[in-house]
C-alpha cells in the first residue's frame, strides 16, 4: 500500500474533530482511499484501536501484513457474530478509552440482511455505540459508502442514514479531499 502514497487535503480538519467522546461519520466513494485514511488516522493516534470490519477489506490488508497497526484489536463477523462482538467492545471501552472504527454501515446491513427488522437493528447498534463512546471518552468513526440525495445520505441499498447533530460528518472525495459537512 505504501507504493501508492496518498496525501489527504484538509487532514488537519478531520484530526481536530477526533477528540474524546466524539462520534464521526466518514462517507467515501473509494474504498482504497478509506483504507489509506484509516491508516493515517491510526498511525497518528495514541489510543488503542478497536476495528470492527464488516466489509473485510481492512482485515484482508492486516492479515496479509500489507498494513501493520500497533495496538490494534480487530473484530470481524468471520470470527464471531455481531451479537458476540459488541459485548467485547463495550467491555474494553469500560476499561480505557479507545479509537473505535466501525467499518461499515453497509457491511452491517449485509450482515443483518436476513433479519426482517434490520433497519431498526442497525440504528439501535449505532446509537448504542455512540452512547458508549461518550461515556468512555473514546472516539468513534463510522464509515459508509453513501451518496447525498435531496439533503439526505443514502446507502446504495436505498436506506437513509439517520443523522444526529452531535455526529460530525466527513466526506472523502476525489481520492484525497476531506470535507466537513456543516
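Where a ≥ b ≥ c are the square roots of the eigenvalues of the C-alpha gyration tensor, would you call the chain rounded, which needs a/c under 1.5, or, failing that, prolate if a/b is larger than b/c, or oblate? Rounded shape, in that the Cα axes give a/c under 1.5. Our estimate of slack between residue 148 and residue 66, defined as 0.36 nm per intervening residue step minus the Cα-Cα distance, is 26.3 nm. Secondary-structure-derived ellipticity at 222 nm for the chain, considering helices only, amounts to -11000 deg cm²/dmol, per-run term -39500 (n - 2.57) for DSSP H runs with n ≥ 4. In this simple spin-label model, placing a label point 7 Å from the Cα along the Cα-to-Cβ direction at both residue 113 and residue 127 gives a separation of 2.6 nm.
Working from label points 7 Å from Cα in the Cα-to-Cβ sense, the residue 134 to residue 90 distance is 1.6 nm. The fewest-to-most ranking of 50, 86 by surrounding Cβ atoms within 10 Å reads 86, 50. For the stretch 21-181, DSSP calls about 25 percent of its internal beta bridges antiparallel.
Seen through its C-alpha gyration tensor, with square-root eigenvalues sorted a ≥ b ≥ c, the stretch 29-95 comes out oblate because a/c lies at 1.5 or above while a/b is not bigger than b/c. Neighbour counts of other Cβ atoms within 10 Å put 120, 159 in the fewest-to-most order 120, 159. Subtracting the Cα-Cα distance from 0.36 nm times the residue separation, let me have the gained length for residue 164 to residue 120 in nm, one decimal. Full extension of this stretch gives 14.3 nm more.
Here, each number is a calculation from the coordinates, and none is a lab measurement. Since we're looking at a predicted model, the values are computed, not measured. A quick note on method: Cβ atoms are made from the backbone with ideal geometry, for glycine too, and the neighbour counts reach across all protein chains shown.
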